[in-house]
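J.: Got a structure for you, written out below as structure tokens; questions coming shortly.
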Amino acid sequence: MTEVVRPVNRSYRLRGDRATGAQSAAYEKLWPVYGLPPQGLIDPIAIFPNSTSRIMEIGSGMGEATAQIAAHFPDTGFLVVEVHKPGLGSLMNLCDKAGTTNVKVIEEDVHLVMRDSIPDQTLDAIHLYFPDPWPKNGHHKRRIVQSEFLELIHPKIKDGGYIHIATDWFPYAQWIQRIFGASELFSGGVIERPEWRPISKFEGQGLRKGHIVTDMKYFKK
Ligand SMILES: C[S@@+](CC[C@H](N)C(=O)[O-])C[C@H]1O[C@@H](n2cnc3c(N)ncnc32)[C@H](O)[C@@H]1O
């Protein structure tokens, strides 16, 4: 069996998989409908053959924004990668209630999924909404947006495709602009918040604390 080499600096917190009995039961019931095994080839075009575009969302949290966005864009296939099992359970529940057919979920670190499973030139876009900000200086290496991350995602995005990022942590927004600004791989910058992007639970918490939200869009060069 080949060894799975995990990134040294995890970009997520280990929160445990505490879920209620009902959540666990819903997860078991809905995984066959929405879940994809994290290993092997994961070809977004084969998974969503009839969609007009395919978007990967990284880190859906509890999934309330993801479910609304998927409902807003029924012709787009959404491949969701999240490490937090209860969050995926919540997303699958929302999708089930809405009868959603354009969402598939993968429970794994996106670095591994990108590196090992996603073929080149198969994603129209990536959504990265409110990634963990890792505010302490000593933790900045755990931020998901790094120059290595740009190198990892660049080949997977189709020509003309993009990554859309939103954060409520202003120093992280500046960090993201510096990393992308120094890269030859993408071009873009700050954009207006799109009206279709709903306020997620995490964003709502930031807004209540008076945080400024920045949306950024970077196109593959
Ligand atoms: C701060 S939350 C934001 C969630 C959601 N986008 C929102 O706006 O409410 C960040 C999420 O990203 C997930 N995450 C962080 N690093 C990840 C990685 N490397 N692969 C997959 N998911 C990751 C975390 O588990 C967490 O649920």
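Here, each number is a calculation from the coordinates, and none is a lab measurement. The shown structure was predicted, so the numbers you read here are calculated from the model rather than taken from an experiment. Positions of Cβ are generated from backbone atoms using ideal geometry, with glycine treated the same way; all protein chains shown enter the neighbour counts.
J.: Sequence gap at least 6, Cα distance under 8 Å: using those rules, report the relative contact order of the stretch 21-128 to the nearest whole percent.
T.: 39 percent
J.: Given 10 °C and 1.306 mPa s, how large is the Stokes-Einstein diffusion coefficient of the chain in µm²/s, with Rh as the Kirkwood radius over Cα pairs?
T.: Answer, rounded: 89 µm²/s.
J.: Enumerate the amide H contacts of residue 35 below 5 Å, restricted to partners 5 or more residues apart or on another chain; note that Pro and chain-start residues carry no placed amide H.
T.: Distant-sequence amide H within range of residue 35: 105.
J.: Counting only other residues whose beta carbon sits under 15 Å from that of residue 182, what net charge do I get with K and R as +1, D and E as -1? Write out the running numbers ahead of the final one.
T.: Numbers: positive: 143, 178, 221; negative: 148, 151, 184.
Neighbour charge sum, excluding residue 182 itself: 0.
J.: Right, another one. May I ask you to list the GluC sites (Glu not before Pro) in the stretch 101-204 that are in a DSSP loop and have at most 15 other Cβ atoms within 10 Å of their Cβ?
T.: Of the GluC sites (Glu not before Pro), the ones in loops of the stretch 101-204 whose Cβ has at most 15 other Cβ atoms within 10 Å are 184, 192, 195.
J.: Residue 171: net charge of surrounding residues, Cβ under 12 Å, Lys/Arg +1, Asp/Glu -1, itself excluded? Could the numbers behind the result be given before it?
T.: Working: positive: 136, 143, 178; negative: 168.
Value of the local net charge: +2.
J.: In whole percent, what relative contact order does the stretch 36-195 give with Cα contacts below 8 Å and a gap of six or more residues?
T.: 23 percent
J.: What nm distance separates the two modelled labels at residue 33 and residue 115, each placed 7 Å from Cα along Cα→Cβ?
T.: Result: 3.4 nm between the two label points.
J.: Related question: Can you sort 175, 169 so the residue with the fewest Cβ neighbours within 10 Å comes first?
T.: Arranged by neighbour count, lowest to highest, 175, 169 become 175, 169.
J.: Based on the Kirkwood radius over alpha-carbon pairs, what value in µm²/s does the Stokes-Einstein equation return for the translational diffusion coefficient of the stretch 101-156 at 10 °C and 1.306 mPa s?
T.: Roughly 122 µm²/s, to the nearest whole number.
J.: Name the residues whose placed amide hydrogens come within less than 5 Å of the amide hydrogen of residue 77, ignoring near sequence neighbours (fewer than 5 apart) on the same chain.
T.: 52, 53, 54, 55
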